[in-house]
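Reading through the structure tokens given below for one structure.
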Amino acid sequence: MSTMLRMKQVTQTYGDGGQTMSVLDNLDLTVDEGEFVAVLGPSGSGKSTFLSAAGALLTPTSGEIYIDGESLNNKDKRELTALRLQKIGFMFQSAQLLPYLKVEEQLLYVSRLAKLEPKEAKVRAAQLMQRLGIWDRRNHYPEKLSGGEKQRVAIARAWMNKPAILFADEPTASLDFERGREVVRMIADEVRSEGKAAVMVTHDERMLEWCSRVLHLENGALVEHKQI
């Protein structure tokens with residue numbers, strides 16, 4: 001079984017009025033293929049910092065991070081950008097779709113950035129849209145989609161580049177309970193279908209049913225929250 005994410009003694013500190021504050025403090029985490037891990041924590045606990053570090057958007061003060069066995073350490077901005085395109089998928093609180101692209105075009109745009117072969121990209125986009133129930137919306141612009149449909153498109157887009165791991169930042173925050181549960185279930189289904197992994201940051205414990213492991217961010221470190 002492959003390890004999709006490994007964080008070893010990751011620390012992130014910030015200076016504040018002459019004092020140093022640790023947001024992440026020797027944080028350790030391993031996420032293997034097939035795992036969908038939820039990370040809980042109140043506002044201000046460092047969840048966004050954790051996700052930014054894990055997703056190669058922020059270089060931590062110290063520690064080691066590996067995505068699909070590849071170290072993030074000592075990579076320059078260009079190398080980190082290439083790694084994100086090849087190995088990482090992102091979902092955010094709002095779908096953040098491009099308003100001037102139709103649903104299928106949203107996915108193919110990502111494939112061009114990731115330099116997927118065009119014919120392969122068309123097939124992959126079709127498979128994802130069919131699996132996620134948005135095939136009949138493929139020629140619609142985002143303004144014509146419901147909130148749940150937009151998040152389905154965001155899921156498809158996040159998996160489009162065949163990433164090793166998907167990072168989801170409060171992906172249900174803009175949805176009602178039932179649509180939120182549906183989105184989380186779809187992420188879990190895609191983890192199994194793709195044979196990859198996902199990490200979801202959330203404050204909503206009602207969304208944990210489909211997660212394989214639940215952790216809590218406390219005092220800059222991750223601790224087991226409860227077993228699902």
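Per the Debye calculation on the chain with a single equal scatterer at every Cα and no solvent contribution, log₁₀ I(q)/I(0) for q = 0.08, 0.10, 0.12 Å⁻¹ amounts to -0.28, -0.44, -0.64.
Our summary gives the stretch 3-226 a relative contact order of 30 percent, counting only alpha carbon pairs under 8 angstrom and 6 or more residues apart.
Taking the charge dipole of the chain about its Cα centre, with +1 at Lys and Arg Cβ atoms and -1 at Asp and Glu Cβ atoms, the residue from GLY195, ASN161, GLY44 reaching farthest to the positive side is ASN161. The peptide list 182-195, 163-176, 129-142, 72-85, put in order of mean Cβ contacts within 10 Å with the highest first, becomes 163-176, 182-195, 129-142, 72-85. Phi angles across the stretch 39-44 convert, under the Karplus curve 6.51 cos²θ - 1.76 cosθ + 1.60 with θ = phi - 60°, into 3J(HN,Hα) values of 10, 9, x, x, 4, x Hz, Gly and Pro given as x.
Taking Cα centre as origin and charging only the Cβ of basic (Lys, Arg, +1) and acidic (Asp, Glu, -1) residues, the dipole magnitude of the stretch 3-226 rounds to 880 debye. Relative contact order of the stretch 2-118, taken over Cα pairs closer than 8 Å and 6 or more residues apart, is 25 percent. Positive-end ranking of LEU5, LEU108, ALA54 along the dipole of the stretch 3-226, with charges on Cβ about the Cα centre, is headed by LEU108.
For q values of 0.14 Å⁻¹, compute log₁₀ I(q)/I(0) with the Debye formula on a Cα-only model of the stretch 79-179, without solvent. Treating every Cα as an identical point scatterer, log10 I(q)/I(0) equals -0.49.
Read-outs: derived from the displayed coordinates by stated rules, not from any lab. Remember, predicted model here, so these are calculated numbers, not experimental data. For neighbour counting, all protein chains shown are included, and Cβ atoms are generated from backbone atoms with ideal geometry for every residue, glycine included.
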